[in-house]
Amino acid sequence: MTAIDSAIRAAAAQIELIGVTKAYDAKTVVIPPMDVVLRPGEFTVILGPSGCGKSTLLQMIAGLERVSGGKIILGGREVQDLEPKHRGCAMVFQNYALYPHMTVAENMAYSLKVAGVSKPDRALRVATVAKMLGLADYLERKPGQLSGGQRQRVAIGRAIIREPGVLLFDEPLSNLDAQLRHDMRIELADLHRRIGATSVFVTHDQVEAMTLADRILILNKGRVEQFDTPKVIYHHPASVFVAKFIGAPPMNILDVTGDGTALRLADGQAVARSTRTGRFQLGIRPEDVAAGPGGPITATIRYREDLGSHEIIEADLCGQQLRIATPFGAEIDASSTLSLSFPTVRLHLFDGETGMAIADAFEEPQAVRQSVKVHL
Amino acid sequence: MRSDSSLFSNRWLPILLVTPLMLLIVLFFYVPVFQAFYWSFFLEQPFGGSSEFVGLDNFRRVLSDPEFWKAGARTIVFMLSASSLAVALPLILAIAADRKIRLSLPARNVLVWPKGVAGASIGVVFAFIFNPFVGLMAPLNQMFPGIWAPGIDGTDAFLTLVMAHVWSGIPFNFVILLAGLRSIPHTMYQAAAMDGAGPWRRILDVQLPLIMPQLFLTLVLEFTESITSAFALIDTITGGGPGGSTTLLVYKIYVDGFRGYDLSGASTQTAILMVFVLALAACQFAFIGRRINYER
């Protein structure tokens, strides 16, 4: 840690949500009561499709949106009725929300100015933060004269200059192009390591979530679907919703019926051995499907995408869509039918009605589970 | 003339399309303007006939007339007081309407209606509203006889004029300023709130700087308009009185030209007024307009 880092390093605060809920009226409940604890210094990514309430949740923590019920505790203080400025949070907005009539330096120093920090102190802090973010040469420019990435950095600088205990990010990377988004992701991760503030990052991009998060909180219609580390979420999704949301291309979900000996598709093809009976949803990731001669399952190829390093094959399996990611360097015959096998250890079983995961559905040896390959 | 647009590859079509408008502007704007300047160098006969070139005699005569300077001073006082109020009041209303305080939605509609009322009609209405015997001030007069007498007291008459002008200026300025405020992204306020700025601070540091283009537009229009369009109000409310206390330059031109038949004097004053208005607008652009950041 450099001197600059320790100068800006904040006392991270724990975020505790107790029964926090948001409802506009009795019928439109955006977020049903939620209990979540975000540990001090943790980088949490709130992930979910648009309209799942993730931004609302972030704004409630920030104080920009009122809670309809419950308590928000930041660093041991109950803050749900406090103004944003008394909560000790800082926020980075999706469109940056920089003040267009102020220079970069004025933008970053504005919160200090409002708080009554003296001019020399402000200049000192701006210089420190600007150096940290590589903005030292742009301090006198207006936001309109900066590139997207530079604006993003100014927005981050404005947030961290007050040394907040909590840093909130509202989809901050979605306005950047792909290359810049990748670079900023790395920068953000590095910044978090150096500053150490408890960070909450809202996004609908699962790659951002997987790469940035200590833990991912997956929201579906305001409810917490799963809250765990990226690894656990990837390898043990708690529901069909999570399974479909994480991974690119997403996990294949097949409707199957158990007859006591095997799980079968509608046409009677057995895809996995199981003693269970009833209707289930079977999940397998595209990269886990083993394609090659001799496989017991037959699918029809619909479309192939060659990405150079590997191929994505879209196949039709008894009327259901199945995506297959071939391993690196593998050559698959360009015939119309494909023989497949589903390795049992890679299968995920979900309840046919609720979509919730069934733990240890396939008795797998402990050793195999340990050696599960990490896909990133 | 070459056009890049393939839609208008015909070189005569654009000219043909603009001609009617150009004709109107030339006929009803540039020709009279030119005529006024031209006449200001001649001594015109009141009922037509031969006119005599007198050089700068008209200007000498007008500029040495104390009434001209008094009317000019009144014009400037009216311009400064009426137009600054006519921007400040709508600004307050627009900020209130933008903050979505109670009843701001109906207010937004009601505030636009006066735009549809002609200046002369406003004058008639205000002459009635501020009538010392039956108007709004009548009860005050009952308590303190003679405190409100626009018919006798020049200051009262002038105030009536200013109020009528400010009232008639509210709709347009309100709409322009409100539009400016509405175009400020919502996250800008959220960012300011996160930075710790309260509502007043946000008005000063975020809203006002960001609606500078709209403020500037309304100010320029108000300054020029308060000089020229006060005529209808003066003519209907005070008739320039009492004792000439509400005779602004624009009204003096009318009285001199059409009642006094001093066509040359009126033309000369018109020319002077026109140059003054142009110079004023040019100054505003030079000193304020250039500093405004139009970038969002």
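Here is how the numbers come out for the structure above:
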| read-out | value |
| --- | --- |
| Output for the stretch A:68-114, where each listed residue is among the polar types (S, T, N, Q) and without any contact (Cβ under 8 Å) to a residue 12 or more places away in the chain | none |
| Test for B:Ala86: is it touching a residue at least 24 places away in the same chain (Cβ under 8 Å) and crowded, with 19+ Cβ neighbours inside 10 Å | yes |
| Every residue from the stretch A:276-328 that is farther than 16 Å from A:Leu340 by Cα and either touching a residue at least 24 places away in the same chain (Cβ under 8 Å) or in contact with a Gly (Cβ under 6 Å, 6 or more places away or on another chain) (or both) | A:Arg276, A:Thr277, A:Gly278, A:Arg279, A:Phe280, A:Gln281 |
| Unique residue being assigned by TED's automatic domain parsing to the domain that holds A:Pro84, touching a residue at least 12 places away in the same chain (Cβ under 8 Å) and surrounded by fewer than 16 Cβ atoms within 10 Å (Cβ to Cβ) when the list is A:Thr229, A:Thr203 | A:Thr229 |
| Unmet criterion (only one of (1) farther than 27 Å from A:Leu38 by Cα; (2) within 30 Å of the chain's Cα centre (by Cα); (3) outside any helix (DSSP H, G or I); (4) more than 8 Å from chain B (Cβ to nearest Cβ)) for A:Arg141 | (2) |
| Residue check, A:Ala189 closer than 21 Å to A:Arg39 by Cα and either under 17 Å from the mean Cα position of the chain (by Cα) or assigned to a loop (DSSP other than H, G, I, E, B) (or both) | yes |
| The stretch B:187-206 residues that are more than 7 Å from chain A (Cβ to nearest Cβ), paired with ones that are surrounded by fewer than 20 Cβ atoms within 10 Å (Cβ to Cβ) and among the aromatic types (Phe, Trp, Tyr) (beta carbon under 8 Å, 6 or more apart) | B:Arg202/B:Tyr189 |
| Considering residues of the stretch A:52-107 that are assigned to a strand (DSSP E or B) and of a type in the set (Lys, Arg) only, the residue farthest from the other protein chains (Cβ to nearest Cβ) | A:Lys71 |
| Residue, modelled with the lowest pLDDT, within the stretch A:183-206, restricted to residues that are out of contact with any Lys or Arg (no Cβ under 9 Å at 6 or more places or on another chain) and small (Gly, Ala, Ser) | A:Ala189 |
| Helices (runs of 4 or more DSSP H) (entirely within the stretch B:153-204) containing at least 3 residues that are polar (S, T, N, Q) and under 25 Å from B:Val110 (Cα atoms) | B:154-182 |
| For B:Gly239: the one exception among (1) within 25 Å of B:Phe47 (Cα to Cα); (2) touching a residue at least 40 places away in the same chain (Cβ under 8 Å); (3) in a loop (DSSP other than H, G, I, E, B) | (2) |
| Filtered residues of the stretch A:251-271 (kept if closer than 19 Å to A:Ser339 by Cβ, of a type in the set (Asp, Glu) and in a strand (DSSP E or B)) | none |
| B:Arg182 vs. criteria within 14 Å of chain A (Cβ to nearest Cβ), charged (D, E, K, R) and either surrounded by fewer than 20 Cβ atoms within 10 Å (Cβ to Cβ) or more than 23 Å from B:Gly154 (Cβ to Cβ) (or both) | no |
| Single unsatisfied condition, A:Asn252 versus (1) touching a Phe, Trp or Tyr at 6+ places or on another chain (Cβ under 8 Å); (2) within 30 Å of A:Leu47 (Cβ to Cβ) | (1) |
| Among the candidates A:Phe280, A:Phe328, residue that is assigned by TED's automatic domain parsing to the domain that holds A:Met251, assigned to a strand (DSSP E or B) and not polar (S, T, N, Q) | A:Phe280 |
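The values are calculated or read from the model by the stated rules, or taken from the named source; none is laboratory data. Because the structure is predicted, anything quoted here is derived from the model rather than measured. In this analysis, Cβ positions are derived from the backbone assuming ideal geometry, glycine residues included, and neighbour counts consider all displayed protein chains.
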